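Report on the following structure.
The values are calculated or read from the model by the stated rules, or taken from the named source; none is laboratory data. As the structure is a computational prediction, the values presented were derived from the model and not from experiment. Cβ: placed from backbone, ideal geometry, glycine included. Neighbour counts: every protein chain shown. Accessible surface is based on the protein model in full, side chains and every heavy atom, while ligands, DNA and RNA are left aside. Shrake-Rupley method; radii C 1.70, N 1.55, O 1.52, S 1.80 Å.
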Amino acid sequence: MAENVTPRVRVPSSAAAGEVITIKTLISHIMESGQRKNSDGNLIPRSIINRFTCDFNGQNVIDVTLEPAISTNPYFEFQAQVPEAGTYTFTWYDDDGSVYTDTKDIAIG
Amino acid sequence: MKFTRRDTMLMAGGVAALSALPIRALAAGEEEIAAFTGGAAIAEGGVTLTTPEIAENGNTVPVEVNAPGAVSIMVLALGNPNPGVCTFNFGPLAGAQYGSTRIRLSKTQMVTAIAKMADGSFAQASSEVKVTIGGCGG
């Protein structure tokens with residue numbers, strides 16, 4: 001069920017060294033909880049993103065474990081320190097084994 | 001309408017099954033908490049959990065947690081069919097022990113956040129959310 005999964009991430013394009021920035025991420029995903037039934041009364045199998053991570057130049061910023069109680073199109077907002085210029089890597093892990101990634105560069109200045 | 005002995009027995013069985021359900025859900029929540037804390041005592045305070053007082057739609061309830069000095073924060077919705085919601089694990093480059101997301105709530109209930117502090121202690125905060133339309137497809 002990995003259709004039209006598009007990650008969207010908002011990171012400031014530049015920051016001062018050592019500054020704390022706010023990062024917002026959203027990924028379009030159905031997040032089927034495994035609790036709902038279809039019109040025939042059968043359970044729709046669970047299909048969610050179960051893990052989200054954000055790394056900066058190889059160092060971890062945040063690692064979130066997701067359960068079915070996270071809403072459709074999982075949204076996360078968190079804060080990150082910027083020690084130097086570099087690249088943020090965002091990774092989402094799907095139940096079906098798919099991995100979605102997005103990267104954003106940040107400059108110092 | 002007359003109740004036969006068989007009807008009465010069936011009804012009694014149904015009531016017993018229904019009343020057993022919430023107890024089981026609560027036990028599952030305690031299991032999750034024990035798995036996270038390892039049975040350690042949990043103090044009140046030190047965690048800020050921001051939720052709306054009333055959520056019209058249980059499908060997307062914005063939730064914010066903030067616990068300075070925490071290494072990870074677990075969010076639980078004990079009234080849901082599965083109590084777990086999510087766990088934030090903060091890495092060395094986290095700017096603040098803060099996370100915000102949107103969750104599903106099946107009914108009016110308490111939302112709990114438990115933070116694991118860097119020194120190994122635990123702290124929790126709870127907040128009640130009134131849900132008008134449940135968000136678990138039931």
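Go through A:23-32, B:83-92 and give me the packing order, highest mean Cβ count within 10 Å leading.
Top of the packing list down: B:83-92, A:23-32.
Within 13 Å, Cβ to Cβ, of residue A:88, how many net charges do the neighbouring residues add up to if Lys/Arg are +1 and Asp/Glu are -1?
Charge balance near residue A:88 sits at -1.
Hey, can you find the accessible area per residue of the stretch A:6-108 for me, probe 1.4 Å, expressed in square angstrom?
45
What average count of beta carbons from other chains do you get within 10 Å of the Cβ of residues in A:25-38?
Mean shielding count: 2.
Near residue A:24, which aspartates and glutamates are there with a Cα under 20 Å away, not counting those fewer than 8 places off in the same chain?
Residue A:24 reaches A:55, A:63, A:67, A:77, A:84, A:94, A:102, A:105, B:64.
What dipole magnitude, in Debye to the nearest 20, does chain A give about its Cα centre under +1 on Lys/Arg Cβ and -1 on Asp/Glu Cβ?
260
If you place +1 on the Cβ of every Lys and Arg and -1 on the Cβ of every Asp and Glu, how big does the dipole about the Cα centre of the stretch B:38-138 come out, in debye to the nearest 20?
240
Can you work out the Karplus-derived ³J(HN,Hα) for every residue in the stretch A:7-18? Use 6.51 cos²θ - 1.76 cosθ + 1.60 with θ = phi - 60°, whole Hz, and x for glycine or proline.
Once rounded to whole Hz, the list reads x, 10, 10, 10, 10, x, 6, 8, 8, 7, 4, x.
Mind checking which lysines have their C-alpha under 23 Å from residue B:107, skipping anything on the same chain fewer than 8 residues away?
Correct list for residue B:107: A:37, B:130.
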